[in-house]
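Peer 1: Take a look at this one; I'll ask things after.
The values are calculated or read from the model by the stated rules, or taken from the named source; none is laboratory data. Bear in mind that the values here come from a model prediction, so they are computed numbers and not experimental data. Cβ placement follows ideal geometry from the backbone for every residue including glycine, while neighbour counts extend to all protein chains displayed.
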Amino acid sequence: MTAAIEVRAVEKRFGNVGIIRDLNLSVARGERHAIIGPNGAGKSTTFNLISGHIAPTSGEVKLNGDLISGLRPFEINRRGLSRSFQVTNVFARMTVWENVRCAVLWATGHRYAFWKNVDSLPEVRERTAQILDDIHLTHRRDVPAGLLTYAEQRELEIGITIASGATVVMLDEPTAGMSNAETERAVALIRRLTEGKTLVIVEHDMSVVFGLADRISVLVYGHIIASGTPEEIRRDPKVKEAYLGEEAH
Amino acid sequence: MSTAMTSTSKVPAEAAGGSLRFYGVWLIGIIVLIVLPMIFSSGGLLTSFSLIGIAIVFALSYNILLGQTGLLSFGHAVHYGLGGFAACHMMNAVVSHGWPIPLPFIPLFGGIGGLVFAMIIGWVMTKRAGTVFAMISLGIGELVASSSLILRSVFGGESGITTDRTALPKLLGWSFGPQLQVYYLIAFWLVLSAIAMYALTRTPLGRISNAVRDNPERVQFIGYDPHVVRYIAYCFAGFFAGVAGGLTAINFEIANSALLGAIQSGLVLFSTFIGGTAFFFGPILGAILVTYLQLGLTNLTTAWQLYFGIIFIGIVMYAPGGIAGLLMMHRPLIRAGTLWTVIPSYFVAIVPTIALACGVILAIETVARFSGGDAINLFGIAFNPTSPVTWIAAAVLVVGGAFVARLTWRRIAEAWDRAATVARDRGYLA
C-alpha cells in the first residue's frame, strides 16, 4: 500500500542556512502521526513544505504516490490534503457560516461559478451545517469570525481544514494556547473528525501526543532522528537525550 | 445528528423571511427611478439625475474591486473611459453601416470594451494584491491616459470622438434626443447593472472574493487560486465600468481623454469610500452625494476640490466605514431599542459642529477670494473677504466651534458606549 505522505530526502535552505536537511518521513493511510521536537526544530517548516506553502530546495514529497513537491498550495489541496495553521488563520470579516462554506465550495465542485446563487446550493448548505454542528459552532453561525473567542477560532480553524473532506489532514498545534478543559475538548473533536482519515499533527502537549498518535516522529534541527510507535519513542535513547529528557520523564 | 437536521432546515426559512423585505427595497428603488423625473422635471435636474445614475454604476463596479475583493485601484477609469470610446465607435459604426442596433444596446458594447481591456491587462495586474496592485493600476492608468492623446486615430486626440445618439435606429419611437429619454435609458441600465452586481456578490465567486479580501493566504489552502479569483473579479469590474462609460458616451455624445484620466479614477475611489465599501448600497450613497456635491459646489465656489479633500480625510479618519457604515452602526441599537438614548446627544452636537463647519468655510473662502474681492454669501449673510471682521468671525467660529464640538462629540461617544453595551447584553451584536 502506498503511503499517504512520503517525504524523501527533502532539503530546505534559506540562503546558506539549511533549515531542513535530509528529511525522510512516511505516513501510512489512516495513521495518526505526530511530529514533535524542540522549538525551532523545523516542524512548521516541514508542514509548509508538505502543503506547498514553500517549495523544497531539493528532494521530493508524494501524496498517495503522486509527486506534489513544487505544486502550489491550492493544487495540493485539490488532491486531498488540507492543513490548519499554528496562528489562527480565518476570514475575519466573514461570518462563521461563510468561513466554513467557502471551504466547502471547491470540494463540492462549484469552483469559480458566478452564475449560481450560493445560498441555494443544497449540498453546500447541508455540508456546512454538518461541519458547524461537528465543531459545536452552530449557535455562533452569524458571528464574524474575528469576534469569536480564541478557543472558538481554533475550532473554526479545524472546521475550515476538514470542510473540504480531505483525506489527509495536517493540524499545526491545534491546542496551542488552550486551557486544559479546552484542550480535552479539542482532542476529542480532532479524534472524532479525523476518523478514517490520515492525520499529521504538530503538538507541544505531550499528553495530547501520546494519547492521540499511532506513530510519532521526532524532529531535531531539521532532521528526523526517530520515528516509531509512542512506546518505541518513549524508549529511544536518542530521543531521550535530545528532547524528552528534559520534558517528560 | 438531530441538531444538524434542525440547523439545516432553519436556513431556507430565514432566507425566505428576509426575501420579502429584500425585494421590497429593490422595488422601491425602481419606482423611485421611474417617478423621479415626473416630480423634478427641470432640464438641469434631469441632467443631474442622469450623471448620478452613471456615477452609481461606476462606483458599484469599483466596489467589486475595493469592497468585495480588497483591491485598491488607482486606475479604474481606464475601463470607464475605454467603455466610453468603445460605445462612441460602435454608435458611429452603427450609423455608417446602417446596422439595426438601437441605442439602448450600446452600453453593452461599452461594457465589452471595458471587459476586453480588463481581460488583457488584468492577468498581470492581479498577480499580486496590496501595494503592488495599487502601483500597477496607477501606472496603467497613466499609460492609457497618455496613450489616448498620442493614438489619435482611436482616441481622436484632444478633441476626442464625437457621435450623434439620435442617428441610431429608433426603438419604440424613442429617438433619445430629449434628456428625459436618456435618463430612462440610464435608469434602465442602472437597475440592470445593480441587480447583476448584487447577484454577483451572492455567487460562489462573490463569496470567495470576500475570502480573498480577508485572507488570500488561507484561500490557497481551501482549493482556490487567489490570482484567478482576483482576475475574474477584475474582469467583472472592468465590464461594469465600461457600461458606465458607455452611458456617459451616450449622455454627452462624446468620449475624450478626460474620461480615463486620474481625476476620474480618483473620483470613483472617493465616491465608493465615502459611501462605504462594506455594504452593497454604500457606493450608491457615495455616488449620489459626491456627484451632487460636485455639481452643486462648482457653481458656488472655486475651492470645491478643497472641500472634497476635507470630507474625504474626515471620513477616512473618523468613519472608515463610510456613510453606510455610520448608518448600519445604528442597526443593533434600533433592534435593541436603545437608539433613543443616543439621539439627544446628536441634537446637542449639531449646533457647535455647524458653527465649526461655517468657520472652516469662511476661512477657506476668505483665502480663495481675497484677491478677487467677491463677497462670501453664507446663509444669506454677506462677508467681505478683505475685512478683518470676517477674519475674526472665522477664527472665533473655528476655535470656539472646535472647542465646544469636541465636548459634545465626547458625549455622543459616551452615550453610544452605554447604548451599545445594553444592546450587546440584550444579544444584539454591536
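Peer 1: Among the candidates B:Y198, B:Y224, B:Y234, which residue alone is buried (at least 21 other Cβ atoms within 10 Å of the Cβ), closer than 30 Å to A:M94 by Cα and in contact (Cβ under 8 Å) with a residue 40 or more places away in the chain? Even if it seems obvious, please write down each step before you answer.
Peer 2: On the way: B:Y198 fails: buried (at least 21 other Cβ atoms within 10 Å of the Cβ); B:Y224 fails: in contact (Cβ under 8 Å) with a residue 40 or more places away in the chain.
Only one candidate passes the filter, namely B:Y234.
Peer 1: Just one of B:T353, B:T298, B:T341, B:T390 is among the polar types (S, T, N, Q) and over 30 Å from B:G276 (Cβ atoms); which is it? Step through it out loud before you land on a result.
Peer 2: Working: B:T353 fails: over 30 Å from B:G276 (Cβ atoms); B:T298 fails: over 30 Å from B:G276 (Cβ atoms); B:T341 fails: over 30 Å from B:G276 (Cβ atoms).
Of B:T353, B:T298, B:T341, B:T390, the one residue that is among the polar types (S, T, N, Q) and over 30 Å from B:G276 (Cβ atoms) is B:T390.
Peer 1: If B:L293 meets every condition in (1) farther than 30 Å from B:F105 by Cα; (2) within 13 Å of the chain's Cα centre (by Cα); (3) touching a residue at least 24 places away in the same chain (Cβ under 8 Å) apart from one, which number is that one?
Peer 2: Of (1) farther than 30 Å from B:F105 by Cα; (2) within 13 Å of the chain's Cα centre (by Cα); (3) touching a residue at least 24 places away in the same chain (Cβ under 8 Å), only one is false for B:L293: (3).
Peer 1: Looking only at region A:65-86, which residues are without any contact (Cβ under 8 Å) to a residue 40 or more places away in the chain, facing chain B (nearest Cβ under 7 Å) and in contact with a Ser or Thr (Cβ under 9 Å, 6 or more places away or on another chain)?
Peer 2: Correct list: A:P73, A:R78.
Peer 1: Follow-up. When the residues of region A:117-131 are narrowed to those that are crowded, with 17+ Cβ neighbours inside 10 Å and more than 7 Å from every other protein chain (Cβ to nearest Cβ), which ends up nearest to A:R154 (Cα to Cα)?
Peer 2: A:I131
Peer 1: Count, please, the residues in region A:137-158 that happen to be within 11 Å of another protein chain (Cβ to nearest Cβ), touching a residue at least 24 places away in the same chain (Cβ under 8 Å) and not basic (K, R).
Peer 2: Narrowing region A:137-158 to residues within 11 Å of another protein chain (Cβ to nearest Cβ): A:137-147, A:157.
Next, only the ones that are touching a residue at least 24 places away in the same chain (Cβ under 8 Å) stay: A:137, A:140-146, A:157.
Narrowing further to those that are not basic (K, R): A:137, A:142-146, A:157.
Of the residues in region A:137-158, 7 are within 11 Å of another protein chain (Cβ to nearest Cβ), touching a residue at least 24 places away in the same chain (Cβ under 8 Å) and not basic (K, R).
Peer 1: Show me the helices (runs of 4 or more DSSP H) found entirely inside region A:102-201 where at least 3 residues are under 20 Å from A:R79 (Cβ atoms).
Peer 2: On the way: elements: A:122-134, A:150-163, A:180-193.
The qualifying helices (runs of 4 or more DSSP H) are A:150-163.
To keep it simple, each residue is scored yes or no on (1) assigned to a helix (DSSP H, G or I); (2) under 16 Å from B:G113 (Cβ atoms); (3) hydroxyl-bearing (S, T, Y).
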| position | (1), (2), (3) |
| --- | --- |
| B:T166 | yes, no, yes |
| B:P169 | no, no, no |
| B:G206 | yes, no, no |
| B:E217 | yes, no, no |
| B:I250 | yes, yes, no |
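Peer 1: Moving to a separate point now. Does region A:71-90 contain any residue that is surrounded by 20 or more Cβ atoms within 10 Å (Cβ to Cβ) and more than 16 Å from the chain's Cα centre (by Cα)?
Peer 2: Looking for residues that are surrounded by 20 or more Cβ atoms within 10 Å (Cβ to Cβ) and more than 16 Å from the chain's Cα centre (by Cα), one finds none in region A:71-90, hence no.
Peer 1: Any idea how many residues of region A:156-199 are surrounded by 22 or more Cβ atoms within 10 Å (Cβ to Cβ) and of a type in the set (K, R)?
Peer 2: 0
Peer 1: Considering (1) under 33 Å from the mean Cα position of the chain (by Cα); (2) in contact (Cβ under 8 Å) with a residue 60 or more places away in the chain, say which one B:R426 fails and leave the rest.
Peer 2: Unmet condition: (1).
Peer 1: While we're here: For the structure I just gave you, tell me whether B:R213 is outside any loop (DSSP other than H, G, I, E, B), touching a residue at least 60 places away in the same chain (Cβ under 8 Å), at the interface with chain A (Cβ under 10 Å from one of its Cβ atoms) and over 18 Å from the mean Cα position of the chain (by Cα). It would help to see each step written out before you state the result.
Peer 2: On the way: outside any loop (DSSP other than H, G, I, E, B): yes; touching a residue at least 60 places away in the same chain (Cβ under 8 Å): yes; at the interface with chain A (Cβ under 10 Å from one of its Cβ atoms): yes; over 18 Å from the mean Cα position of the chain (by Cα): yes.
Answer is yes for this residue.
Peer 1: If you scan region B:220-245, which residues turn out to be within 8 Å of chain A (Cβ to nearest Cβ) and of a type in the set (A, V, I, L, M)? Lay out the reasoning, then the answer.
Peer 2: Residues of region B:220-245 that are within 8 Å of chain A (Cβ to nearest Cβ), as a first pass: B:220-225, B:228-229, B:232, B:236.
Answer for region B:220-245, where residues must be within 8 Å of chain A (Cβ to nearest Cβ) and of a type in the set (A, V, I, L, M): B:I222, B:V228, B:V229, B:I232.
Listed here are the residues, each with its yes/no results for (1) farther than 27 Å from A:Y112 by Cβ; (2) among the aliphatic types (A, V, I, L, M); (3) assigned by TED's automatic domain parsing to the domain that holds B:Y183; (4) in contact with a Gly (Cβ under 6 Å, 6 or more places away or on another chain).
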position	(1), (2), (3), (4)
B:G53	yes, no, yes, no
B:A77	no, yes, yes, no
B:M91	yes, yes, yes, no
B:L115	no, yes, yes, yes
B:I136	no, yes, yes, no
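Residue-by-condition table, conditions (1) surrounded by 14 or more Cβ atoms within 10 Å (Cβ to Cβ); (2) modelled with pLDDT under 95; (3) within 22 Å of the chain's Cα centre (by Cα); (4) under 22 Å from A:V124 (Cα atoms):
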| site | (1), (2), (3), (4) |
| --- | --- |
| B:G156 | yes, yes, no, no |
| B:S193 | yes, no, yes, no |
| B:Q220 | yes, no, no, yes |
| B:V229 | yes, no, no, yes |
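Peer 1: Let me ask you something else. When only residues in region A:87-110 that are more than 7 Å from chain B (Cβ to nearest Cβ) and out of contact with any helix residue (DSSP H, G or I) (no Cβ under 6 Å at 6 or more places or on another chain) count, which is farthest from B:A278 (Cα to Cα)?
Peer 2: Checking each candidate, the answer is A:G109.
Peer 1: Let me ask another. Please specify each residue of region A:49-64 satisfying the condition of being crowded, with 20+ Cβ neighbours inside 10 Å and free of Cβ contacts under 8 Å to residues at least 60 places away in the same chain. If you could, list the steps in order and put the result at the bottom.
Peer 2: If we filter region A:49-64 for residues that are crowded, with 20+ Cβ neighbours inside 10 Å, which is where we start, we get A:49-52, A:56, A:61, A:63.
Correct list: A:L49, A:G52, A:P56, A:V61.
Peer 1: For a quick check of your reading: which helices (runs of 4 or more DSSP H) sit entirely within region B:314-430 and have at least 1 residues that are surrounded by 14 or more Cβ atoms within 10 Å (Cβ to Cβ) and of a type in the set (S, T, N, Q)?
Peer 2: B:343-369, B:388-425
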